[in-house]
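The values are calculated or read from the model by the stated rules, or taken from the named source; none is laboratory data. Just so we're clear, the structure is a prediction, and the values are computed from it rather than from any experiment. Quick reminder, even Gly has a Cβ in these numbers, built from the backbone with ideal geometry, and neighbours come from all protein chains shown.
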Amino acid sequence: MSTDAIVLLKEDHKEMRRLFKEFQASEEAPASQREKLVKQILEALTVHTYLENEVMYPEVRKRLPELEDHVLESYEEHHVADVLCFELFTMKPDDEHYNAKTTVLIESVLHHVEEEEQEWFPKVREKMGRNELQELGERMIEMRKKAPRSPAAPKALKKSLDAVRA
């Protein structure tokens, strides 16, 4: 398994895309199936944003100040996703806004992922060395073990707000 931070984040993105496609294909499925998929999406997003907010973004901001605007925009996009995740976490799958809110979350995250993979990651890879990216990846692997799994976790919400305010 690679310890390169960008490779690890792209693997998360791939898993999220898979979950998103499953949700989109479940339109006619029972509410319980959609709810299970949304819970998986919320957990994947909560862990992923925690790792980016705690490891990747602060390090890129510190080491590559020319990318600060990208980092700040990413923090804001995470904040929007965190709010949507928290709202979905508190909703029932039969709520008339459940599917629409999930769709908005998916669209927002896919936009964010595309920006990261097409614009942000190539610049980070170009500027940071292989050893630095592996060190960040190792930290992310270790932190994944204790990452919040639920958007209702007070630490996850506080971290999101703190990151936006930093």
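Considering only residues that are outside any helix (DSSP H, G or I) and free of Cβ contacts under 8 Å to residues at least 40 places away in the same chain, which ones fall in the stretch 111-142? Hit for the stretch 111-142 is Gly129, nothing else. Considered as a group, the residues in the stretch 143-166 that are surrounded by 15 or more Cβ atoms within 10 Å (Cβ to Cβ) and in a helix (DSSP H, G or I) include one that is modelled with the highest pLDDT, and that residue is Arg144. Under 7 Å by Cβ, and 6 or more places apart or on different chains, what pairs join a residue from the stretch 47-69 that is in contact (Cβ under 8 Å) with a residue 24 or more places away in the chain and within 22 Å of Glu15 (Cβ to Cβ) with one that is crowded, with 18+ Cβ neighbours inside 10 Å and of a type in the set (Asp, Glu)? Every condition considered, the pairs that remain are His48/Asp12; Thr49/Asp82.
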